[in-house]
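> First, the structure itself, so that you have it in front of you.
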Amino acid sequence: MAVFAAFIEQHFEEVLVPYLELVRHRIARYASADPLTFPENTRRMIHLLPVAAREPEHPDVLAFVDTLVHERLPAGFELTDILEAMCYYKDVVLDVAWRAEDDPARRREILEAVDRAIRSIAVRFARAFLDLQLHLMERQREAMLELSTPVIKVWDGILALPLIGTIDSWRARQIMEELLRSVAAERAAMVLIDITGVPVVDTNVADHLIKTFRAAELLGTECLLVGVGPELAQTIVSLGVDLRSIDSCADMRQGLTLAFRRLGLRVVPVDPVAARH
């Protein structure tokens, strides 16, 4: 490793300058990269090559990988672009070593060291990059589900939950958690669950709905199923799903009317002239 470390120290600029030119020329994303952070990261990378070849888990190597991941992913870099750029270090080092070193044994030691260093950093970078990418995707998915599962307070004691899109096991659990949280916070007496926007109602969806209704009832809340039209009613019957214990309505208007009636509320027309005064 001493040979490789001495080589990097002696030929640092000879590696740095052609590497920057090569990557900017061959990878379009780097041509428009930050003119300050890209060269600075390259300098740090070259300095760390001997360290990574000797000790892949060195704290400086891990810190550099973590910093690079959190810079590159939000900036829109693709993993393939970054890994390709890392591979070019070997090309540049090979070219410099071929010209600067006459001893074949020293050349071989340098090339083996740079190959070991690049593979070590690239593997750790790829893992960290994908982990962060999956984490961000999961956060986006959760945010989208929260937006697609809004619990709306339509009246004192009355909540509405319009469902849109496919309901799988994961989303069904999220729907139940969000609904129960809102029921407890609002002390709701009635909940209207609107499935008009659910494209497919099968036995699994029906089972999830029944569990959600039962959980809400344990908190003292009565539930109404809204959005059951003729086609959906036929589908439920053909599936053999027993929803007789669940009150249902064709649309939200009927659901609100029934909810008002059960809570002893009434909506009456008001004279528009009197209402303005």
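The values are calculated or read from the model by the stated rules, or taken from the named source; none is laboratory data. Worth saying up front: this structure is predicted, and the values here are computed from it rather than measured. Backbone-built Cβ (ideal geometry, glycine too); neighbour counts: all protein chains shown.
Okay, residues lined up against (1) under 32 Å from the mean Cα position of the chain (by Cα); (2) over 20 Å from V123 (Cα atoms); (3) surrounded by 13 or more Cβ atoms within 10 Å (Cβ to Cβ):
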position	(1), (2), (3)
A2	no, yes, no
I8	no, yes, yes
V15	no, yes, yes
V23	yes, no, yes
H47	no, no, yes
P56	yes, no, yes
F64	yes, no, yes
F77	yes, no, yes
M86	yes, no, yes
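> Hey, another quick one. Between a residue in the range 158-179 that is without any contact (Cβ under 8 Å) to a residue 40 or more places away in the chain and any residue that is among the aromatic types (F, W, Y) and surrounded by 13 or more Cβ atoms within 10 Å (Cβ to Cβ), which pairs come within a Cβ distance under 8 Å, given they are 6 or more apart or on different chains?
Pairs found: none.
> Only one of D115, D91 is in contact (Cβ under 8 Å) with a residue 60 or more places away in the chain, under 19 Å from E14 (Cβ atoms) and part of a helix (DSSP H, G or I); which?
Step by step, each of D115, D91 is checked, and only D91 is in contact (Cβ under 8 Å) with a residue 60 or more places away in the chain, under 19 Å from E14 (Cβ atoms) and part of a helix (DSSP H, G or I).
> A further question on this structure: Pairs under 7 Å by beta carbon, first residue in contact (Cβ under 8 Å) with a residue 12 or more places away in the chain in the range 64-78, partner assigned to a helix (DSSP H, G or I) and among the small types (G, A, S), six or more apart or different chains?
Listed pairs, sorted by first residue: V65/A128; D66/A128; V69/A128.
> Continuing with the same structure: Report those helices (runs of 4 or more DSSP H) wholly inside the range 1-64 carrying at least 1 residues which are closer than 15 Å to V96 by Cβ.
Those helices (runs of 4 or more DSSP H) span 2-10, 12-26, 37-54.
> Among the residues of the range 109-127, is any among the hydroxyl-bearing types (S, T, Y), surrounded by 13 or more Cβ atoms within 10 Å (Cβ to Cβ) and in the same structural domain as T67 (by TED's automatic domain parsing)?
Checked against the condition, which is being among the hydroxyl-bearing types (S, T, Y), surrounded by 13 or more Cβ atoms within 10 Å (Cβ to Cβ) and in the same structural domain as T67 (by TED's automatic domain parsing), the range 109-127 yields at least one hit.
> Let me ask you something else. If you take the residues in the range 94-108 that are among the acidic types (D, E) and either without any contact (Cβ under 8 Å) to a residue 40 or more places away in the chain or not assigned by TED's automatic domain parsing to the domain that holds R72 (or both), which one is surrounded by the most Cβ atoms within 10 Å (Cβ to Cβ)?
Going through the qualifying residues, I end up with D103.
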